[in-house]
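Asks: My structure is below; once you've seen it, I'll send some questions.
Just so you know, all these numbers are worked out from the coordinates, no wet-lab data involved. All values derive from a computational prediction rather than experimental measurement. Ideal geometry is used to build each Cβ from the backbone, glycine not excepted, and the neighbour counts take in all protein chains shown.
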Amino acid sequence: MSERALLIRKVLQGHGHLVSDPTTIAEDASLYNAGLTSHASVNVMLALEDEFDLEFPERFLKRSTFESIRSLCAAVDSLLGAEHDASA
Amino acid sequence: MEKATSVGELVRAATADATNECGSDRFVIGVDLVEVADVAASIRVHGERYLDRVFTSAEVATCTDDSGGYVVDRLAARFAAKEAAIKALRHDGGVQYRDVETVLDHTGAPHLVLHGSVSAHAGRAGVSSQSISLSHSGGYAVAVVLLQMATDAKGSDL
């Protein structure tokens, strides 16, 4: 498990209000089926922005971004990559 | 938590079954339920950043009392309105919650005002009119959004 995925699981533990344990849930399991609400996804987004020092732009603010730990990893990877490219 | 999940499932099921046609008009509804305590917790944890990302300044002003405190059940109802509208629009192209705004008219009745990409999506989908109803009680806030669709809209997937 990557360090980034571990941090995302920690954020979900603190802000996702899931009925399943986010430290053990499968990376491709549906977070919505695990109890993630649309309102909780806002808290997860803000906490991820704090954790990774980034900002989610509009195109990432959709249901599919928050579908799973894997999709959140992909979003964070994309945003951090974009920031790295912009500062290079 | 278990209670909230079961209520959430009911809301999702209601929304999924809520598209109907009536005569030559077509209507779509969306509904959402929010726990007021969740909004209070978000303000406590994320503060102004949460409010700025989710609500317009006019919405926050409407939900602030004379002493400067937030009227959280009203904010929760407005969050529910944003989700209800997004559900009704079947929009998953990326949404700023601030682009779905609840405003009050001179009678105090709520109305939806759409901005940005959400407004553009509604135009493409053929939304010809909209109506909204808000309520809050017992620690929950709920919103229902009704959209009337132009039957000759091009490219509508609603």
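Asks: Got a sec? Which of A:60, A:66, A:56, A:52 is more than 14 Å from chain B (Cβ to nearest Cβ) and not β-branched (Val, Ile, Thr)?
Replies: Residue meeting the stated conditions: A:52.
Asks: In the set A:6, A:54, A:72, which member is within 23 Å of residue B:95 (Cα to Cα), part of a helix (DSSP H, G or I) and not small (Gly, Ala, Ser)?
Replies: Answer to the check: A:72.
Asks: Run residue B:142 past the list (1) more than 12 Å from the chain's Cα centre (by Cα); (2) within 14 Å of chain A (Cβ to nearest Cβ) and report the number of the one that doesn't hold.
Replies: Single failed check for residue B:142: (1).
Asks: State all residues of region B:64-94 that are within 11 Å of chain A (Cβ to nearest Cβ), among the small types (Gly, Ala, Ser) and surrounded by fewer than 20 Cβ atoms within 10 Å (Cβ to Cβ); if no residue qualifies, say none.
Replies: Of everything in region B:64-94, those that are within 11 Å of chain A (Cβ to nearest Cβ), among the small types (Gly, Ala, Ser) and surrounded by fewer than 20 Cβ atoms within 10 Å (Cβ to Cβ) turn out to be B:93, B:94.
Asks: Mind checking which residues of region B:24-52 are under 19 Å from the mean Cα position of the chain (by Cα), buried (at least 19 other Cβ atoms within 10 Å of the Cβ), more than 10 Å from chain A (Cβ to nearest Cβ) and not in a helix (DSSP H, G or I)?
Replies: Residues satisfying the conditions are B:28, B:30, B:31.
Asks: Quick check on my filter: what residues within region B:112-131 are crowded, with 20+ Cβ neighbours inside 10 Å and under 27 Å from residue B:35 (Cα atoms)?
Replies: Matches in region B:112-131: B:112, B:118.
Asks: If we keep just the residues of region A:27-49 that are more than 8 Å from chain B (Cβ to nearest Cβ) and of a type outside the set (A, V, I, L, M, F, W, C), which is surrounded by the fewest Cβ atoms within 10 Å (Cβ to Cβ)?
Replies: Among those that are more than 8 Å from chain B (Cβ to nearest Cβ) and of a type outside the set (A, V, I, L, M, F, W, C), it is A:28.
Asks: Among the residues of region B:53-63, which ones are away from chain A (no Cβ under 14 Å) and surrounded by 15 or more Cβ atoms within 10 Å (Cβ to Cβ)?
Replies: Of everything in region B:53-63, those that are away from chain A (no Cβ under 14 Å) and surrounded by 15 or more Cβ atoms within 10 Å (Cβ to Cβ) turn out to be B:56, B:59, B:60, B:62, B:63.
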